[in-house]
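Notes follow the structure.
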Amino acid sequence: MAAPLRFRTIRSKLGPPWLTVHGESGLVGYALDIVKDAFIERLRQGLLAQQPQQDPTGETTAPPDALAEMGRDRRVVRGIGESDQSYARRLVLWLDDRKTAGSAFALLQKLSEYTGPGPKFRTVDARGNWYTREVDGSESYILKRNNWDWDGRPRTADGRLRWSRFWVIIYPNGLWTEAPCWGDDDAPAWGDPPESTWGSTAPAGHVDMLRAIVADWMPAGTRCVNIILAFDPNSFDPMAAVDADGMPAGLWEHWSRNVDGVQVPTPRLSTARYLDGVQR
């Protein structure tokens, strides 16, 4: 690719020697040309910053700081380690994506875009409606399995189904791994190292962003009770029965319970970690 034309380059080629080479005139002219080149570069950067990408392939993108500002305005979260080209392509589609906000598959897609390739995702609600996004991006659903009993209270006091609750299940598949929990002998001190969390290697910033994505894309009027990191790829099988293969059976609401005056851990699945959910 040819070097871009600059005022200082043009003047050195077209100007007379007394203005470009000899004496102080060349130095003064060069200093003035640098200022003009800076203004032209500012104009060029401003034109590039108008759109996420400058060609259909997306190979030429807006400057990185412009991509960040557009992402903030369009509420498009940049993925972990995502390239400028990939992010720019998603910024172009922001309005089309917003039309699907509130659907389970849209939520799973946005979580996948944030984590990048590798993890698998599911949502399940109080009725046992399951939605799955596989590692390869394929989607499937199974409805009304009635096999998810989180706390033994699926209905309100007047008999209405507590339908608005749902859970997000993430199979990290190596993106994050298990780590010592609070109270373990080898558990790290809180905040050591910075951004550390108990129970998994997911940094606090990643956990906060997962919650933010769920809050932004979840159906209106619903509540995400927990975001579950499932390190066993075979756990939480939609076809399993209640209290089988690690399915909840009415005792999983709190991390511990009182039995005959003694506080004991809830028999939650030990191969998973349970992050607080969100409600908007």
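Structural remarks
- Percent accessible area from carbon and sulfur atoms, segment 1-155, protein chains only, probe 1.4 Å: 59 percent
- Entry for Cα Rg over 2.2 N^0.38 Å (calculated from the structure that is shown) out of (i) 1.02; (ii) 1.46; (iii) 1.09: (ii)
- Surface share of carbon and sulfur [accessible, 1.4 angstrom probe, percent] for segment 205-280: 52 percent
- The loop-placed chymotrypsin sites (Phe, Trp or Tyr not before Pro) in segment 17-79, going by DSSP, include none that has at most 11 neighbouring Cβ atoms within 10 Å of its Cβ.
- When the surface is traced with a 1.4 Å probe over the full set of protein chains, Asp73 keeps roughly 110 Å² accessible.
- The residues of the chain expose, per residue, 58 Å² of accessible area to a 1.4 Å probe.
- For the peptides 207-218, 262-273, the ranking by packing is 207-218, 262-273, with the highest mean count of neighbouring Cβ atoms within 10 Å listed first.
- Charge dipole (debye, nearest 20) of the chain; +1 at Cβ of Lys and Arg, -1 at Cβ of Asp and Glu: 1220 debye
- Under the span-like rule (Cα at least 18 Å along the axis, Kyte-Doolittle mean at least 1.6), DSSP H helices of the chain: none
- Here segment 1-153 is treated with +1 on each Lys and Arg Cβ and -1 on each Asp and Glu Cβ, and its dipole about the Cα centre works out to around 280 debye.
- Restricted to Cα atoms, segment 79-151 shows a radius of gyration and a Dmax of 14.3, 45 angstrom.
- Only lysine pairs 8 or more places apart, or on different chains, with alpha-carbon atoms under 26 angstrom apart are counted in the chain, and they number 7.
The values are calculated or read from the model by the stated rules, or taken from the named source; none is laboratory data. These numbers come from a predicted model, not from an experiment. So basically every Cβ, Gly included, is an ideal-geometry build from the backbone, and we count neighbours across all protein chains shown. Heads up: the accessible areas ignore ligands, DNA and RNA and are worked out on the full protein's heavy atoms, side chains in. Shrake-Rupley method; radii C 1.70, N 1.55, O 1.52, S 1.80 Å.
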